[in-house]
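Since the structure comes first, as structure tokens, the remarks are kept for the end.
The values are calculated or read from the model by the stated rules, or taken from the named source; none is laboratory data. Keep in mind it's a predicted model, so treat the numbers as computed, not measured. Side chains included, ligands, DNA and RNA excluded: accessible areas come from the protein's heavy atoms. Shrake-Rupley method; radii C 1.70, N 1.55, O 1.52, S 1.80 Å.
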Amino acid sequence: MRNAIKYFVGVTYKPLVVKHLSKTRNYQHDGIKLVIPPEVFHPGFFFSTKLLLKYLARYPLKEKTFLELGAGSGLIAISAAKKGADVTATDINPIAVKFLTRNCEANNVRVNIILSDLFQNISHQYFDFIAINPPYYKKQPNTYKDYSWYCGENGEYFHVLFGSLRHYMHSDSTVLMILCDGCDMEMIQTIAGKNGFHLNLVYSRKNLLEENFIFQIKKRE
């Protein structure tokens with residue numbers, strides 16, 4: 001039944017979403033107002049960003065250092081800043097960085113915004129929280145928009161992520177990453193393990209289209 005629903009959505013709903021997202025759109029969630037161009041991942045039509053945001057709500061973020069890798073439109077980063085966190089937000093996409101800057105200004109929050117491929121342009125420092133909604137489909141990205149979806153043919157994104165992550169974590173850092181059942185979970189866990197990390201499943205939620213998983217990334221003892 002679930003596969004039948006996914007097929008139905010693929011041939012009916014998905015084309016409508018693609019057409020809608022071909023233009024710059026206004027979006028609002030929980031009092032946060034965003035302007036989202038077609039080159040940037042839209043959190044309103046996909047489940048992962050809002051699910052991770054909901055899970056983060058259980059943590060006190062006031063005066064905590066907070067990093068969002070691949071912030072896109074900035075929904076999570078702006079929400080954390082509104083709760084009093086000292087937020088850094090990055091993206092590899094210069095269009096995302098441009099609109100992220102505008103969205104932060106429109107919502108009257110201060111966020112340190114960095115154009116960066118993962119940790120490349122972030123000075124070595126420790127963050128209390130790191131939030132990651134990664135690209136996880138195995139295909140080589142060719143456009144800035146592709147970087148929201150594709151991690152490379154062999155998971156190159158995750159090799160870089162787990163190869164550098166420990167330099168930005170202290171002993172009590174909370175690092176959360178959301179994935180779904182459409183990704184190569186075994187590959188990601190293997191790459192994490194080879195770099196000395198363990199993915200601890202802390203939350204999962206299933207809908208008609210997919211199942212999402214939130215993992216806390218821990219250094220292995």
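List of remarks:
- Cα gyration tensor shape of the stretch 175-221, rounded if a/c is under 1.5, else prolate or oblate by comparing a/b with b/c: oblate
- Under 5 Å between amide hydrogens, built in the peptide plane, is the criterion, and for residue 65 it picks out 86, 128, 129 among residues at least 5 positions away or on other chains.
- Part-to-part distance (alpha-carbon centres) for the stretch 114-141 and the stretch 151-193, which is given in Å: 10 Å
- Accessible surface for the chain, divided over its residues, is 52 Å² per residue with a 1.4 Å probe.
- DSSP beta bridges in the chain [antiparallel fraction, %, rounded to 5]: 50 percent
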